[in-house]
Amino acid sequence: MRHRIAVVGSGPAGLTFARVLHRHGCPVAVLERDPAPDARPPGGTLDLHEGMGQLALDKAGLLGEFLALSRPEGQAMRILDTDGTVLREWLPRPDDRANPEIDRGQLRDLLLGPLDVRWGRDVTQVVPGTRDGVLVHFADGRQETFDLVVGADGAWSRIRPAVSSVTPHYTGVTLVETSLDDVDTRHPDLARLIGDGSLAVYGVNRALVAQRNSGGHVKVYAQFRAPLDRHTDLDPADIEAVRSSLLALFDGWAAPVLDLLRHGTAFAHRPLYALPVSHTWTHVPGVTLLGDAAHLMPPLGAGANLAMLEGAELAESIAAGPENLDEAVRAFEEQMWARAGRWAKITTAGLERLVSPDPAEALALFDQVQPS
């Protein structure tokens, strides 16, 4: 008898889980509150690691298609001083496929493939332990039961309360995101400054990071330590007011660096939240979590990779046909907690060093993790 399985959320974790199950002929319901795949901007670029995100795509049978879409040149990294001096530059070898970049939208479309996603299905609550299984409540009043519900619905998961009362806490660091379009034509000087990959500038308790996406699109992130209510008096729709506030915050930095903010087309305020470093829960039959829903951590390159690998591993465990579905999930959770805990410690410490009173800490961190 086939299990009734649902995954809530169509991000990298949920779609990888569903795609690997689909490859093994196991049906799964993908429940997504967005009304369509393109209902919201997909976000920036991701670097998928060989032993994590790429491994997950291999388990889904999609590695070849990923390699055709990805941008190995996007692994390039340049660090500047606040006066514009180049402090470090790392350029990938032509055959380097360790962490190639891919736009989130491209990755989403690759994973979607033949999957039948139930768009516009806003899950509000899950209730485990009912007579018929796990009861899923939807915002429109409908209900449905499953044998297993997997929460892959991000930082503010609606599934997490079924297994844990813990909620994310503010890290003390806020990002303000903006973007540049058609950068090679409209802003050629900035295109040369950024290069093929990423550019970062670190100051006292603040940083500016620019990441090249495909199609001449660049994402820019202003990062700073501040109380959670900083800038709440600014209307995000008032682009010039937000721009002026950021330019004042980074006053004195080199003019070409500040041009990243001067030419931004819109601004989004994104305080960074995280779950406790060693977030676990008492196992609840019929419900589990993946990715940010399970272990939200600072966005330093591990989150999506972990989420995809977890989705693939859980799917493979289920597809192997264990007589006891619950035991397979329980074993998966133990493995996930141990690995995620290690990465949460790394990324939490990394954020402390990247946005710190001593900019030299950021440079030292990159010297440790970048190839010599």
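Given the criteria open to solvent by 10 Å² or more (accessible area, probe 1.4 Å) and in contact with a Ser or Thr (Cβ under 9 Å, 6 or more places away or on another chain), does residue 303 qualify?
yes
Would you mind stating whether residue 229 is surrounded by fewer than 20 Cβ atoms within 10 Å (Cβ to Cβ), among the acidic types (Asp, Glu) and in contact with a strand residue (DSSP E or B) (Cβ under 9 Å, 6 or more places away or on another chain)?
no
Counting just the residues of the stretch 1-23 that are at pLDDT below 95 and not charged (D, E, K, R), which one comes out nearest to residue 113 (Cα to Cα)?
Selected residue: 3.
Within the stretch 207-226, take every residue that is in contact (Cβ under 8 Å) with a residue 60 or more places away in the chain and closer than 14 Å to residue 79 by Cα and give me the one that is most open to solvent (accessible area, probe 1.4 Å).
211
Could you please find all residues in the stretch 1-59 being of a type in the set (S, T, N, Q) and either closer than 30 Å to residue 92 by Cα or surrounded by fewer than 24 Cβ atoms within 10 Å (Cβ to Cβ) (or both)?
Within the stretch 1-59, 16, 45, 54 qualify.
Scan (1) within 21 Å of the chain's Cα centre (by Cα); (2) open to solvent by 70 Å² or more (accessible area, probe 1.4 Å) for the single condition residue 184 breaks and write down its number.
(1)
Condition first: of a type in the set (Phe, Trp, Tyr) and buried (at least 19 other Cβ atoms within 10 Å of the Cβ). Now tell me which residues in the stretch 121-152 satisfy that.
The answer is 146, and nothing else.
Kindly provide the set of residues from the stretch 54-103 that are in a helix (DSSP H, G or I) and in contact with a Ser or Thr (Cβ under 7 Å, 6 or more places away or on another chain), ordered by number.
Within the stretch 54-103, 56, 74 meet the criteria.
Rundown of residues vs (1) in a loop (DSSP other than H, G, I, E, B); (2) surrounded by 20 or more Cβ atoms within 10 Å (Cβ to Cβ); (3) modelled with pLDDT of 95 or more, yes/no style:
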site: 235; (1), (2), (3): yes, no, no
site: 276; (1), (2), (3): yes, no, yes
site: 281; (1), (2), (3): yes, no, yes
site: 298; (1), (2), (3): yes, yes, yes
site: 321; (1), (2), (3): yes, no, no
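Which pairs have Cβ atoms under 9 Å, sit 6 or more apart or on different chains, and link a residue in the stretch 89-100 that is under 18 Å from residue 51 (Cα atoms) and among the aliphatic types (A, V, I, L, M) to one that is at pLDDT below 95 and open to solvent by 90 Å² or more (accessible area, probe 1.4 Å)?
Once the first residue is under 18 Å from residue 51 (Cα atoms) and among the aliphatic types (A, V, I, L, M) and sits in the stretch 89-100, its partners that are at pLDDT below 95 and open to solvent by 90 Å² or more (accessible area, probe 1.4 Å) give 98/50.
Filtering the stretch 250-274 down to residues that are open to solvent by 60 Å² or more (accessible area, probe 1.4 Å) and assigned to a loop (DSSP other than H, G, I, E, B), which residue is farthest from residue 203 (Cα to Cα)?
Out of the qualifying residues, it is 265.
Consider residue 204 against the criteria (1) open to solvent by less than 60 Å² (accessible area, probe 1.4 Å); (2) over 22 Å from the mean Cα position of the chain (by Cα); (3) of a type in the set (A, V, I, L, M): it satisfies all of them except one. Which criterion is unmet?
Result: residue 204 passes all but (1).
Taking the conditions exactly as written (farther than 27 Å from residue 250 by Cβ, open to solvent by less than 20 Å² (accessible area, probe 1.4 Å) and modelled with pLDDT under 95), does residue 100 satisfy them or not?
Yes: the conditions hold for residue 100.
Check off (1) open to solvent by 30 Å² or more (accessible area, probe 1.4 Å); (2) assigned to a strand (DSSP E or B) for residue 247 and give me the number that stays unchecked.
It is condition (2) that residue 247 fails.
The values are calculated or read from the model by the stated rules, or taken from the named source; none is laboratory data. Keep in mind it's a predicted model, so treat the numbers as computed, not measured. With ideal geometry, Cβ positions are generated from the backbone for all residues, glycine too; neighbour counts draw on all protein chains shown. We work out accessible area using only protein heavy atoms, side chains counted, and drop any ligands, DNA or RNA first. Shrake-Rupley method; radii C 1.70, N 1.55, O 1.52, S 1.80 Å.
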